[in-house]
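A short write-up of the structure that comes next.
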Amino acid sequence: MHGVNVSQSSSSPADRRLSALVRHLEGHSMDSANHSIAAAPTSGSTGARISVFDHVVRAPEDPILGVILTHLPCSLCVRLSFLNFPVVVTVAYNKDPSPAKLNLGVGAYRTEEGKPLVLNVVRRAEQMLVNDSSRVKEYLPIVGLADFNKLSAKLILGADRLVYLHGTSPAIQENRVTTVQCLSGTGSLRVGAEFLARHYHQHTIYIPLPTWGNHTKVFGLAGLSVKTYRYYDPATRGLNFEGLLEDLRSAPSGAIVLLHACAHNPTGVDPTTHQWEQIRQLMRSKALLPFFDSAYQGFASGNLDADAESVRMFVRDGGECLVAQSFAKNMGLYGERVGALSIVCRTADVAGRVESQLKLVIRPMYSNPPIHGASIVSTILKDRTMFQEWTIELKAMADRIISMRQQLFDALRGRGTPGDWSHIIKQIGMFTFTGLNSEQVAFMRKEYHIYMTSDGRISMAGLSSRTVPHLADAIHAAVTRVA
Ligand code: PLA
């Protein structure tokens, strides 16, 4: 509270309203006796009009999945963006009647026709599941579907060369990995975070600056203390490698470090193999614990092995790490919420004990995970033909995104748009971190009906050859007309 302490008994009604408004804006609950929630009856029969939830303040919308807040006064916008809540969000796009509207906010793959895509191999797997009359809908074990867990670990940890999940990581062969099925990437991060908060001696986690907005909340709510390490350099629109090394060097020994396995969100900037190796050496020398977030395996380069290489480097050295995996993007299973948390340990005995404790995290949280998505994934991963079919469809999605980068870059060059736009083709994965500022983003929304997050991130997966010219026109206008 910023010195606001207006007594209810001695203040005027105007003072009291002001006080209530301040409390509302600052998210504090009503605390005066007159508004005691305990005194408010829950039954409607007494005629009471005060809800027991009257003190609940409206929460800000999610910057990526939420609804746009067009009515916010500018002063509040400034305050919210200062607090790291980008106020421009994407789903309000649905309310926009313009036929030219374009949603480049959320990272969800769209076809050249702008339609969501269900992979053929996924449809086929679902058909097989439907036709299999032996399938039942009983609860899964707390840790999920055994086949799914085994195959997911192989997919990410793999071996030096992965030919249809053949070569196996030594960590898997030695039984040192425990894998539990979780609710997509987010759920895997959350379960891992809860486990670390209970059982790991260091409670500080370093996350890159910037990073996916939900990281701060997932780790903070689990009880970890969240700090950042330098990652992106706006001047070069590339990696601030020296800053990154310096920050990790000065982190306390044993601290947890969140690393994006590939296709860093939102910047699209990844370390090179050589830089990864330097990061690995530094982290191992300081006993920093790697926690990989792998939300885009196969989506970045079109190659599942190449996109897992950073993780495998850390597993090959025999050290420990955590990996959160998501099948939302690479199998297009966004709404199935299917993912896995693997914890690579030193010995099989430790892995067994870790798994027993993961069960204690999961059981009171959601008891056990859902069966359908995991069944689709394991059906595909355990069949050689289906696996290969998947890799082909996955590569086609990645290639389309890469070609959108080239087309957008060419369109801006063609228009003579001021600035160096080569970062569009250099960045990797689903997003381009354009470098457009929040005023330019707002301008593009208002004048061109193009929606993106207010940090200037655009989802390349939402673009098509048909919409590139519209986006290029908008960027050109924004850069030339809005400072
Ligand atoms: N980690 C990173 C780095 C992500 O970008 C996302 C999703 C997740 C984890 C979580 O994915 P999942 O739980 O759906 O498996 N980021 C999206 C969607 C694509 C979102 O914000 O939820 C994004 O638009 O940034």
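Using only the alpha-carbon atoms, what does segment 124-231 span along each of its principal axes? Please give whole angstrom values in decreasing order.
Here the Cα extents, ordered largest to smallest, are 49, 35, 27 Å.
Would you mind computing, in nm to one decimal, how far apart the modelled labels at Thr272 and Thr111 are, each placed 7 Å from Cα along Cα→Cβ?
4.0 nm
What translational D, rounded to a whole number of µm²/s, comes out for segment 294-372 from Stokes-Einstein when the hydrodynamic radius is the Kirkwood one over Cα pairs, at 4 °C and 1.567 mPa s?
The Stokes-Einstein estimate is 91 µm²/s.
What percentage of the solvent-accessible surface of segment 201-280, computed with a 1.4 Å probe over protein heavy atoms, is contributed by carbon and sulfur atoms?
Carbon plus sulfur share of accessible area: 54 percent.
State which entries of Lys227/Lys286; Lys115/Lys382; Lys150/Lys382; Lys154/Lys382 exceed 19 angstrom in Cα-Cα distance in the structure shown.
Lys115/Lys382
Rolling a 1.4 angstrom probe over the protein chains, ignoring ligands and nucleic acids, what is the accessible area of Asp233 in square angstrom, nearest 10?
Roll a 1.4 Å probe over it and Asp233 shows about 40 Å².
The values are calculated or read from the model by the stated rules, or taken from the named source; none is laboratory data. Quantities reported herein were computed from a predicted structural model and do not represent experimental measurements. Here Cβ is always computed from backbone atoms with ideal geometry, including for glycine, and neighbour counts include all displayed protein chains. Just so you know, the surface numbers come from the protein's heavy atoms only, side chains and all, with ligands and any DNA or RNA stripped out. Shrake-Rupley method; radii C 1.70, N 1.55, O 1.52, S 1.80 Å.
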